[in-house]
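Here is the structure we will look at.
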Amino acid sequence: MGTYRIAVLPGDGIGKEVTKGAVEILQAVATRFEHEFEFVYGLIGGDAIDRKGTPLPDETLDMCRQSDAVLLGAVGGPKWDQNPPHLRPEKGLLAIRKEMNLFANLRPVKFYDSLIDSSPLKEDVIKDVDLLIVRELTGGLYFGKPSGRRMEDGEEIVVDTLLYKREEIKRIITTAFELARKRKKKVTSVDKANVLESSRMWREIAEEVARDFPDVELEHMLVDNAAMQLIRNPKQFDVLVTENMFGDILSDEASMLTGSLGMLPSASLSTSGPSLYEPIHGSAPDIAGQNKANPIATILSSAMMLRLSFGLHLEAVAIEKAVQQVLASGYRTADVAKKGQRIVSTKEMVDEIKATILDDGAIL
Ligand code: NAD
Ligand code: IPM
Ligand code: MN
């Protein structure tokens, strides 16, 4: 029996619906395995802008730092899209990642047998896909300075900067190698070394790190080719490691190997202090508030939390198996339903996963 304090940041749009679902699942795990999870709630994103005038209030950050782990939904929405840069919901997400040193974003892409028909891709391409995207999360194009607009010689110019320190590249690549060592022992380092100097340094450091992992194979791949290879033959990959924005784009693409963006969880690990868990998808304004969102990405993120932050492996497996069983028994939210299949709501999906976890005979 353990006691854990979990900071929950629902954020905006479907962020609220999917975190509510994941908390219910964690509560079911607490009941079944006799743990105590204390949930504390904080504001982030558009909601925080509306109520506190800032996308990441200090009290939210303090609360997260004092917790054992953070569960986040999603931020953003059309309401705030015209706001100045510092008052955008997304700024809150970037700020919490930076402030908590959440440098390593793990985005596993795992195929579910029962969703074979949900992906637009062919069965032989996606069957048994099991890869991990390791996305650098606190540097690169998202954080480099200078960034902004200014007038130069009477002309308006705009600049974003892709900046990395050697150590930042080294630690994310090292993380990827460590993870690969526990998997299929292959790292694909994705870059744009034919054009970008930052990528040439990235490649050089990948070679250096690889020397400490003689049991792990390293390959380099240009990002445009990687985007294509993910669709052509995703089974060639084990661990992909890449710069912040490349990782953002490739992971949304890779989600379709599973059938939906609503299926991909993530863990953002810190150099020190608590880690943060969130689905890779956004606030989905097109379906927000309609009880339609797929809660599985967030539920699987909570399983990652149990395993990586609390070392609760059995409990994590219980969630993952329950998800697998519920999908196998035909439960489908709209995003993964095929024509003619019965569509369930967010709530029905959560209730069924919860019931499976609580049913002694159903799992383990
Ligand atoms: P999005 O991920 O919100 O949605 C893209 C598409 O996928 C939409 O059609 C949406 O309905 C669908 N979708 C996403 N998650 C789903 C789920 N769980 N179940 C079913 N369908 C799902 O991306 P977007 O539309 O480009 O962005 C909307 C807002 O979300 C923007 O403000 C953006 O900045 C923000 N965003 C936030 C995060 C985050 O908080 N981590 C991530 C991505 C986008
Ligand atoms: C994600 C999102 C964020 C990102 C945005 C909302 C800042 O797309 O978590 O993948 O680009 O990192
Ligand atoms: Mn994204």
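Just so you know, all these numbers are worked out from the coordinates, no wet-lab data involved. These numbers come from a predicted model, not from an experiment. As a convention, Cβ positions derive from the backbone with ideal geometry for all residues, glycine included, and neighbour counts pool all protein chains shown.
As a footprinting exposure proxy, order SER275, SER283 by other Cβ within 10 Å, with the fewest listed first. Display every interim value, and only then the final one.
Values: SER275 19, SER283 24.
Lowest count first: SER275, SER283.
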- Query: In debye, nearest 20: dipole of the chain around its Cα centre with unit charges on the Cβ of K, R (+) and D, E (-)?
  - Reply: 320
- When you count, for each residue, the other Cβ atoms within 10 Å and take the mean per peptide, how do 203-215, 53-65, 146-158 rank with the highest first? 53-65, 203-215, 146-158
- Cα-based shape type of segment 1-155, given that a ≥ b ≥ c are square roots of the gyration tensor eigenvalues and the cut on a/c is 1.5: oblate
- Cβ-based net charge around SER67, under 12 Å, with every Lys or Arg adding one and every Asp or Glu removing one: -1
- Query: Summing -39500 (n - 2.57) over the DSSP H runs of n ≥ 4 in the chain and dividing by its residue number, what mean residue ellipticity at 222 nm do you reach, to the nearest 500 deg cm²/dmol?
  - Reply: -12500 deg cm²/dmol
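Considering only the other residues whose Cβ falls under 15 Å of the Cβ of PHE39, what net charge follows from Lys and Arg at +1 and Asp and Glu at -1?
Charge balance near PHE39 sits at -1.
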- Within-11-Å neighbourhood charge of PHE246 [Cβ basis; K, R +1; D, E -1]: -4
- Antiparallel DSSP beta bridges within segment 111-260, percent to nearest 5: 35
- Message: Compute the distance from the alpha-carbon center of segment 256-324 to that of segment 76-148, in whole Å.
- Response: 12
- For segment 289-344, calculate the relative contact order in percent as a whole number, restricting contacts to Cα pairs under 8 Å that are 6 or more residues apart. 34
- In Å and from the alpha-carbon atoms only, list the Rg and Dmax of the chain. 20.3, 73
